[in-house]
1. Mind checking the angle between helix 2-26 and the chain's longest principal axis? C-alpha axes, 0 to 90 degrees, to the nearest 10.
2. Kindly rank 27-40, 47-60 from highest to lowest mean number of other beta carbons found within 10 Å of each residue.
3. Can you give me the distance in nm between label points at Ser37 and Leu4, each placed 7 Å from the Cα along the Cα-to-Cβ direction?
4. With runs of 4+ DSSP H residues as the only contributors, calculate the mean residue ellipticity of the chain at 222 nm using -39,500 (n - 2.57) per run, divided by the residue total and rounded to the nearest 500.
5. How much length would be gained if the chain were fully extended between Cys50 and Leu17, taking 0.36 nm per residue of separation minus their Cα-Cα distance, in nm to one decimal?
6. Calculated from the structure, volume of the Cα convex hull per residue in Å³ equals which of (i) 233; (ii) 73; (iii) 56?
Amino acid sequence: MKNLKNTVLLISAAILLICVYSFLLGNEVFAGKFTNSFLAWYMLAKGLFCSAALCLLAIIAGKK
């Protein structure tokens, strides 16, 4: 069970990093300007929600 918890937390961190990276690409931060793209904000919100849900799942499942 501990191995599964560590795997879920690693996947959660990977999802968060991918979504933050897509947010930065969608708003053209790496190009030196900031455009306010709704799709980029959606990806950031989706990454935060999915990461938090997976972390809570790992914490709750680990208490059994």
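1. With rounding to tens, the tilt is 10 degrees.
2. Ranking, from highest mean packing down: 47-60, 27-40.
3. Once both label points are built, they end up 3.7 nm from each other.
4. -27500 deg cm²/dmol
5. Result: 10.7 nm gained on full extension.
6. Derived directly from the coordinates: (iii).
Taken together, the values in this text are just the output of simple stated rules run on the coordinates, not laboratory data. What you are looking at is a predicted structure, and each value in this text was computed from that prediction instead of being measured. No Cβ is skipped: glycine too gets one built from the backbone with ideal geometry, and neighbour counts run over all protein chains shown.
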